[in-house]
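The values are calculated or read from the model by the stated rules, or taken from the named source; none is laboratory data. No experiment lies behind these values; they were computed from the predicted model shown. Cβ sites come from the backbone with ideal geometry, for glycine too, and all protein chains shown count toward neighbours.
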Amino acid sequence: MKKNFLKVISVILCFAVLSTSFMFMAFAEDAAENAPFRISVAMNGDASSSRGFCWYTKANTESKVEIYGADGQLVNATVDYEDVIEWEGNFCHQAVVSGLEAGKTYSYRVGNGTTFSELGEFVTDNGDSKFEFIAIADVQAGNEENFLKGAKVLDAAFETMPGAEFVVNLGDFTDDSTNEEWDWYDSSFRKANASTTLVPIAGNHDGLGVEYWFNNMFCLDTSESVQVKDGVNYSFDYGNAHIAVLNTNDLLATSNAQLKWLKNDMNSTDKDWKIVFMHKSPYSLGKDAKWPDALYLQESLAKTLDKCDVDIVMSGHDHMYLRTKALKNNKVADDGTVYVLAGTAGAKRYEVRSFLADHYLDTDFIDAMTVQKHGYANYWDGEDWDQSKDTNIGGCFNCVSVDGGNLTVTAYILADEPDANGNPVITAIDTYTLTKETGKNVATFEGDNTTSEFEYILGVVPSFIRLAIYAFTNWLPKFLIMLPDMLDVVINEGTF
């Protein structure tokens, strides 16, 4: 009798253990399906009180954002959720959080109410005239190893400027904008992204030929964007600066609609500093600077920037560092715009296309340049680019500080090779300060700055015609004049 009783107890225990195991496996599987990934916090609306959240899950589940104050208590913020959409086999969640206090550090987590991410952190703008941010460009990796290299560059940037309040990524987050690459980007940059606010810019690898990827990776204010198919244009105030983000995938460069938006946007602010971020650069000596779309930006976009008195433009695309002198009407001018080609945080780097010099870019415009690729020019000494320095070969990042009427850009290289003790080598390659009298800007535009879909479609043909006319009447003659120099470089250096 006692043996039979023990057998019954053993069977019951076995069933209990098996049931518990199955329940645990089911719970773990459910948690994995609902676990948030690709989490980002982006500028969206008022930088002092709101942020845009985006994340993904494997399963179609609820969206939940929780915000915590410095005391660890849940904050009663307003959260507006977008509909969950399926995107390339996963589910995209987006939400805008508003009603936050200025100048505060907040923690957050996202999930479905049961399964949550780990806590992240961001800081809101306190509205004063002193702040710092980091800018990187062109990670453009196609494998996990190179994403990790890019992430080390951003880590080095935070070590150099620990007080940075946001990070600007000037485009080309990935190489082919696939699920695999975005997952590598997420896993490599997760720690850094969880500690800051992003200002993302659409690169050609994020938009052209991979429609809607960019807009589904970040929760941005698209209320004034001329279109969202291949990128987003938007703007916001931070401290005493007004910042506009352009989409240079828009009809290969910038449409008439976006130029109109930029002009109105910049003329609508009385902030001291006017800053523009975009992917393609009007001024470069890299491999992509020889095509009509890049040179067209010198004509169409630069003229608009001149009219709006923009102080500084930061861009990527050509995988080298280059800073121009202040330019206006395509000439050196004290009251002009400084253009910074921000280098590459990635492992894909371009050498100088010397045939572009004094054809597409007047070398007198160059104030600083560092080319990151081994075996080629490494920096500009004011006369030529045949100077070399091993510590200039690596990933580039930019630290920008604003302090009242001073705006300073300092560019650094994280060397590919550590020092003899295995420590990272970070070298400042350029620093430049813009100075101006504050309180002088006056807003001259007021009203609706949106473009309807109908208006945009009407402007597509004129925009292409304008680009085509420029290509045939300006770009092509310069290209033909440059052709002998280009062939010489292609034959002798194997560089096109």
Item to check | Number of positions in the stretch 78-108 that are under 16 Å from Met43 (Cβ atoms) and either aliphatic (A, V, I, L, M) or in contact (Cβ under 8 Å) with a residue 60 or more places away in the chain (or both) | outcome: 7
Checklist entry - Taking the condition touching a Cys at 6+ places or on another chain (Cβ under 7 Å), of a type in the set (Val, Ile, Thr), touching a residue at least 12 places away in the same chain (Cβ under 8 Å) and surrounded by fewer than 20 Cβ atoms within 10 Å (Cβ to Cβ), does Thr114 pass? => result no
Checklist entry - Given the structure, is Asn247 buried (at least 24 other Cβ atoms within 10 Å of the Cβ), in the same structural domain as Ala141 (by TED's automatic domain parsing), modelled with pLDDT of 95 or more and touching a Leu at 6+ places or on another chain (Cβ under 6 Å)? => result no
Checklist entry - Which strands (runs of 3 or more DSSP E) does the stretch 6-125 wholly contain that include 2 or more residues that are modelled with pLDDT under 95 and of a type in the set (Gly, Ala, Ser)? => result none
Item to check | Test for Asn492: is it assigned by TED's automatic domain parsing to the domain that holds Asn267, surrounded by fewer than 15 Cβ atoms within 10 Å (Cβ to Cβ) and either modelled with pLDDT of 90 or more or not acidic (Asp, Glu) (or both) | outcome: no
Item to check | Residues that are touching a residue at least 24 places away in the same chain (Cβ under 8 Å), under 14 Å from Lys260 (Cβ atoms) and not in a loop (DSSP other than H, G, I, E, B), drawn from the stretch 440-481 | outcome: Glu455, Tyr456, Gly459, Val460, Pro462, Ser463, Arg466
Next on the checklist: Quick check on this structure: which one of Leu262, Leu295 is of a type outside the set (Lys, Arg), more than 20 Å from the chain's Cα centre (by Cα) and assigned to a helix (DSSP H, G or I)?
Outcome noted: Leu295
Next on the checklist: For the structure I just gave you, tell me whether Ala102 is assigned by TED's automatic domain parsing to the domain that holds Cys54 and either touching an Asp or Glu at 6+ places or on another chain (Cβ under 7 Å) or within 30 Å of Val340 (Cβ to Cβ) (or both).
Outcome noted: yes
